[in-house]
Every structure is written in structure tokens, then in C-alpha cells.
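The next block holds one structure in the form of C-alpha cells; read it before the comments.
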Amino acid sequence: MSESVLNLNSSLESLKGVGPNKYKLLQEAGLSTVADLLDNWPRKYVDYSKLSLIKDISPGLVTLKVRITNIKARWAKGRAIHLTEAIAEDEKGDRIPVIWFNQPYRMNSFKSDCLYYISGEFKANSGKLNLTNPTVEEVKELDQINTARIVPIYSEKKNLNSRLVRSLVLQLRDVLTQIAETLPLEVLEKYKLISRKDAIWQLHVPESNVSLEMAKKRLAFEEILTLQLAVQKNRQFIQKLSAPKIQFDLNKTQELIKSLGYKLTDDQRRVSWQILQDLEKSEPMNRMLMGDVGSGKTVVAAIAAIQAIRSAKQVVVLAPTEVLARQHYISFKTLLEPLSAKVELLVGSIKSQDKKSILENIEKGQAELIVGTHAVLQEKVRFKNLALVIVDEQHRFGVNQRKELQKRVGEGQFPHLLTMTATPIPRSLALILYGELDQSIIKSKPPGRIKIVSELIPGASRQRVWNKMGEELKAGHAVIIVCPAITDTDASSRVSAEKIFEEVSRKAISKQYGAGLLHGKLKPIEKEQIMTDFANGRTNILVSTTVIEVGIDIPRATLIVIEGAEYFGLAQLHQLRGRVGRSSLPSYCYLVPANNDGIPARLRYFADNSDGFKLAQYDLDMRGPGQIYGKLQSGALDLRLFDINDPELIKQARQAAKDIINSNLKLTKELKSNIKKHQDLEYLN
Ligand code: ADP
Ligand code: MG
């Protein structure tokens, strides 16, 4: 088969060196066509491009051009380790020892008259300096694949190794011309960006570090630009709609504030004021309220809600889980019913007879504040005059949900929207994801809160956990144990809620203080019972999966034990830790890793830091935005190269997006369709 017929849709079977077995391997890794292969970007690189002479080398990564002689093999440490030793000699006649561990095939893999590039680490082994486990490749006339260049490392999923991918990619040079340009020419010129096809080639086959950087910059620029255009278009959609103006009612607000058993913090006042000002406008509010767990967002939401209710309008509060919806229902009822507002709960488990009358009340406007899960938007709910929607614990209230909402409020209308979250997003990223979305931040917590003491407990010291549990229970407090899984599905070391519950049940504390098991597979009514028992103090130990995660407010819970802590993201851990420390009682968070081989650095960082913003920034720096935000929705946000710490690039891409919006510049078909894809993402507001 001649290479000229290759195109982007060609099957990888048409490449040299791909037989049925390799093709299967590629397919299993999700790569079937040439386009797939080009779209499989390297994860990182090792720079083996600099060739050294033996006389010049110092410890570290090196690449040499040598002959290999004196090859010997032997066993060491009682046949525990196999060693292949040889001598590498370069063109100047200098020599160094080379050693491979447990690679016995090396013994017969060298020809005596042949030149090789060897790349690897020059370091000390049992006191002697040698080149350890080098990669070897015959010196070729044209492209080197695995040595003597900047070598791309691909993600090695499903046994597909980087060597194969590299050798295949090198066959694609002629297909490159078929890669379409996505960015308008004007943008490429203005921001001095290289073409998409060159960028993709340099990413796979970098000529130099400079060209690699240019490739990354170009592709990252495109990622941000696409996002920005999507965000700005979504925003335009909302700005065209109009919302009911809601007047500020000083008397009712004062009445509400006076009824609280505490004074609002300065931050609570400030953000309430920002929200109240938005509500008075006819442009729909689109505001995100960020505040750490326990910072007191609920009362701020209630202040906003009472304004709408006073103007004879309806408010919806959406929570991600039923447990949380029920809790909000109680909070809002407690806060607002004394001001004679009518609060209703609408969740899946309500009996259909009751549901019917609730729906009627909503339609007639007799229910003024409706608390529910997102199911509320799916149900056949008809509002009389919905004016404010409050979404708790979720960044994601995307275009589709907005459209759903829109159907319920009439042509051209839209309610004011307040999203609340305890998972802070670093400012740099918020700017990218949400553009000009208005943010209100509660920085300081209400006074009197005590810092939660976080500790890492290696599995071996588990007795400490039991002791501490005993102490807290004896003092009349409650304990939560969170596990990463419901059941142990395989031999992996994940710790399941069922197993831990069994263990707890065998202990005396369980009989004395009562224990419950909560997880997502229970029926809503069972969950409800278990939560109520725990809230009332009928049980004082709750073993749970992350259903407990968001918002649960049990002030006498003072110890949370997180089993298999390494299986949770930092944001999630932070949420979980926020389940305790909700009163003035000293509280504790014990992190117990499931694996005993070393505690990951990020867990240490977590234990040492309690500021949600700092944790979010750390997570972002360590894993990158694509990892964290790309997985929120399947097939989502493709942020592969965008580096959050490149403010100059972000600035440029944002500027380019503005230019495009203002100038009606003609966009390429590809860019348009990418923007469209992003626009549908849930979490772009
Ligand atoms: P979150 O921001 O996590 O939703 P909540 O609204 O549930 O926080 O508030 C946590 C707790 O703090 C609640 O019990 C609430 O009554 C209390 N609270 C809120 N604001 C204040 C304040 N200004 N002073 C004292 N306690 C407050
Ligand atoms: Mg809350």
C-alpha cells in the first residue's frame, strides 16, 4: 500500500508494522484511525536531543552514540535481580559501563559492528557510576524514534506503549496537510501563532524545545479562545431575556435579620447587598455565591428569597440530593415561615397524592418558596410567577437547564439566578470558565468557629481511630465515617462502607451509641430514616459513602473519619471535612489511606491547609484544569494543554474572543462546531 493514499480517516491497519494484534491493541486504547492517533497528544517529553561525548558527561540524563561490547549477564541477590552489563565506547574511544536490570533479552540484542544511540540516566550503582537502564536504538539515516531527540511519552493505556505510537506517528508526515485550520487567519497573524497542522506535528515530533513551546502555545490558545467564545455567547443568550424587577423591602429584611440568633458577618452583609442590587434590575441576575462550608450562605439566600416573596413572586431552591433538599426545606421554613412565607418541599419520594396538591399550590402561587432536587425542573411543575432560582452546591447550571427553566417562565422571560458553591474556583480559572459572571465571595466564617484538627492516620494505627471515636461518643458527640465505595467489588484495597459498618457493628460502641449505614443504593425512605435517626441522636455513628457529602448540618458531629482518603479529590475531601466543625465544639478529621505505601503529598497538603481556595488552587496546579473540570461531564471540556499559570496567554485569548465577537469575523466551520459543543456544557454560565 502506498503512503500517498493515507488520509485522516484511514484505518491504522494501513500503517506499516500494524498487523491484526497491534491493531487490536490500538483499538483497545481507543485509536482506530489516523485522526485518532494524531489526536492522542503526548502526556510529556524526555529531552534526549542533546548528544554528549563520554568525556563530557556528568550524572543525569544523557544520550550517547556508541558501540556496545563486552556483554555479560549474571544474577545477583540470590537470583532476585538479573543484570546485563556491557561497555559502551564512543567515537573518541572513551568507555563507560552500562547496566540493565531485569532485561535479559539485552544479552543477544547487539551487533558488534553497529552504532547505537543510548539514552538514559548516568548514575551511581553500588558506588560505581554507570549508565543505568538506557533506551537503545540503532543509529539510522533518517528519523530516530526513541532516542537522540525530544522523545514524546504517551499515556500508556491498555498496554499500548509509547514506542509503538511514536513509530506510527512518524509515518503520518504526509497526512498533515489534511489537518484543517481552525482559527481565522487574522487571529493567527495578530497573535503570531503557528498553523494547526504544524502545531500538531511539533507536538508529536518536536524539532526543538522552542518549536514545542510554540505548538503548545498555539493549541492552548485555541482551547481558551473556544471556551471564551462559548461563554460569551451563552451570556448573550441570557442578556437578551428580561427578569422581573424585585424591590428591596427594608422592613421585612430587618425582621428576618432580627429573628436570627446571631449577627450577620460583614461578608454576609456585603454579598447580600450585591444580590439585592441585582434583583432590582430587569436583566436576569447571574451570580455565583462562593463561600466555604459553614460560611453561612443559607441565610444570604433567605434574604434574597424574602424580597421576591414580598413582591408576590415565587422562589425555587434546588439541591443536588434529596437529603440536602430536605435539610434546606427545614432551614428555609425555620427562617421564613415566621415572616409568613409559604415553603414547600418537592422531591421524588413524596407520595403522588401529596405531590398533586403541592403542584397545585405551586401553580396557584400558594407555595412561595419551593425546595427540591433538580427533578423539580423535570416534573410537570407550573409556576404562577417564578422570579428567583437558587441553586445550591453546584457550579453546573448550564444551558440545557436554563432552557428547561425558560419554558416555565414564558417567552423572553428569565428568573434571577443565584448559584451557591462551597467548592471555590481559583480566580484565574473562573475567568476562563465563566467569563464575566458575577461573583460574590464570603471569605470569613461566622465568629467562634474552631479550626478542625486534621490528621493522617496510617492504616497500622487504626486503634487510634477507635480510641478517638470512643472519646467523642462518650462526650455526647457524633462520629461520621466516610468510605469511597459501598461494597468491596474486588481485591483492591478500597475500603467499603459495608465492611467498615460490619466492623463497627461488632464493637461495643455500636450497641451503646447506635450506628447507621448510609449509601446511595438505599431507597429514599430508608435514607431519610437513617439521616433522621442520626440527626436526632438515636444513632451517633454514621458510616456513609459520599452521599453525606454536601451540606449536611449536624452540629454535634465532631469527628469525621475518611477511609481510603487517597481516592477522593481535594475539593471532595474539603466538603467532607466541612461535615464537622459546625458548632463551637472542637472537631477532628482523620484521614486513613487505604494503601500503606506512603501517604500522597496532596493528602499532607490537605491536612495542613483548611482554606478552600488554597486547596482548589493546589489541586488545579497539580492536576491541571482538564483533569479537574474536564470530567464533570462526559465528553466534556477538552482542556489538554491550557496551563492555568500562563496569565499572558489567557489575556491574549480573551482579547481575541472579544475581537471576534465585536468584529463579526468569519469563523471556520471547525471552530464554530467546537464553540457549539462547549456552549452545551453544563457548567459554562
Ligand atoms: P453554608 O455556607 O455551608 O451553606 P450554612 O448556611 O449552612 O453554611 O451555615 C452554617 C451554620 O452557621 C448554620 O448553622 C447557620 O445558622 C450558622 N450561621 C450562619 N451565619 C452566621 C453568623 N453570622 N453567625 C453565627 N452563625 C451563623
Ligand atoms: Mg449550604
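The values are calculated or read from the model by the stated rules, or taken from the named source; none is laboratory data. Since this is a predicted model, take the numbers as computed values, not measurements. Because the Cβ atoms are built from the backbone with ideal geometry, glycine has one as well, and the counts that use them run over all protein chains shown.
State whether the residues of segment 63-77 include one that is of a type in the set (Lys, Arg), part of a helix (DSSP H, G or I) and in contact with a strand residue (DSSP E or B) (Cβ under 6 Å, 6 or more places away or on another chain). No, segment 63-77 contains no residue that is of a type in the set (Lys, Arg), part of a helix (DSSP H, G or I) and in contact with a strand residue (DSSP E or B) (Cβ under 6 Å, 6 or more places away or on another chain).
Of everything in segment 310-328 that is under 27 Å from the mean Cα position of the chain (by Cα) and of a type in the set (A, V, I, L, M), the residue that is modelled with the highest pLDDT is Val317. Within segment 36-62, restricting attention to residues that are in contact with a Pro (Cβ under 9 Å, 6 or more places away or on another chain) and not charged (D, E, K, R), the residue that is surrounded by the most Cβ atoms within 10 Å (Cβ to Cβ) is Val62. The number of residues in segment 273-295 that are closer than 21 Å to Ala430 by Cβ and within 11 Å of ligand 1 (Cβ to nearest atom) comes to 6.
In the condition set (1) within 16 Å of ligand 2 (Cβ to nearest atom); (2) modelled with pLDDT under 85; (3) over 20 Å from the mean Cα position of the chain (by Cα), Pro555 is compliant with all but (2).
Take the residues in segment 339-366 that are surrounded by 14 or more Cβ atoms within 10 Å (Cβ to Cβ) and among the basic types (Lys, Arg); name whichever of them is modelled with the lowest pLDDT. Among those residues, the one meeting the criterion is Lys355. Filtering segment 525-580 to residues that are within 21 Å of Thr298 (Cα to Cα) and acidic (Asp, Glu) leaves Glu549, Asp553. In the set Ile99, Ile54, only one residue is free of Cβ contacts under 8 Å to residues at least 60 places away in the same chain, touching a Leu at 6+ places or on another chain (Cβ under 7 Å) and closer than 24 Å to Leu142 by Cα; that residue is Ile54. Each residue in segment 558-582 was checked for being away from ligand 1 (no atom under 16 Å from the Cβ) and within 19 Å of the chain's Cα centre (by Cα), and 7 of them qualify. Name every residue in segment 329-338 that is of a type in the set (A, V, I, L, M) and either within 16 Å of Leu318 (Cα to Cα) or modelled with pLDDT under 95 (or both), in order of residue number. Listed by number, the list holds a single entry, Ile330.
Residue count for segment 558-576, restricted to those that are within 20 Å of Ala478 (Cα to Cα) and outside any helix (DSSP H, G or I): 6.
For the list (1) within 15 Å of ligand 1 (Cβ to nearest atom); (2) surrounded by 19 or more Cβ atoms within 10 Å (Cβ to Cβ), I need the number of the one condition that Thr545 fails. Failing condition for Thr545: (1).
Checking the structure you have, find out if any residue of segment 106-114 is within 14 Å of His82 (Cα to Cα) and touching an Asp or Glu at 6+ places or on another chain (Cβ under 6 Å). No, there is no match, as no residue in segment 106-114 is within 14 Å of His82 (Cα to Cα) and touching an Asp or Glu at 6+ places or on another chain (Cβ under 6 Å).
So for segment 598-608 (the condition being part of a helix (DSSP H, G or I) and touching a Pro at 6+ places or on another chain (Cβ under 9 Å)), does at least one residue qualify?
Here is the first cut: in segment 598-608, the residues part of a helix (DSSP H, G or I) are 601-608.
Right, trim to touching a Pro at 6+ places or on another chain (Cβ under 9 Å) and you get 603.
Yes - at least one qualifying residue is present in segment 598-608.
To keep it simple, each residue is scored yes or no on (1) surrounded by 17 or more Cβ atoms within 10 Å (Cβ to Cβ); (2) within 16 Å of ligand 2 (Cβ to nearest atom); (3) outside any helix (DSSP H, G or I).
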position: Ala230; (1), (2), (3): yes, no, no
position: Ile238; (1), (2), (3): yes, no, no
position: Phe248; (1), (2), (3): no, no, yes
position: Gln254; (1), (2), (3): no, no, no
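Residues that are out of contact with any strand residue (DSSP E or B) (no Cβ under 8 Å at 6 or more places or on another chain) and in the same structural domain as Leu559 (by TED's automatic domain parsing) do not occur anywhere in segment 479-487.
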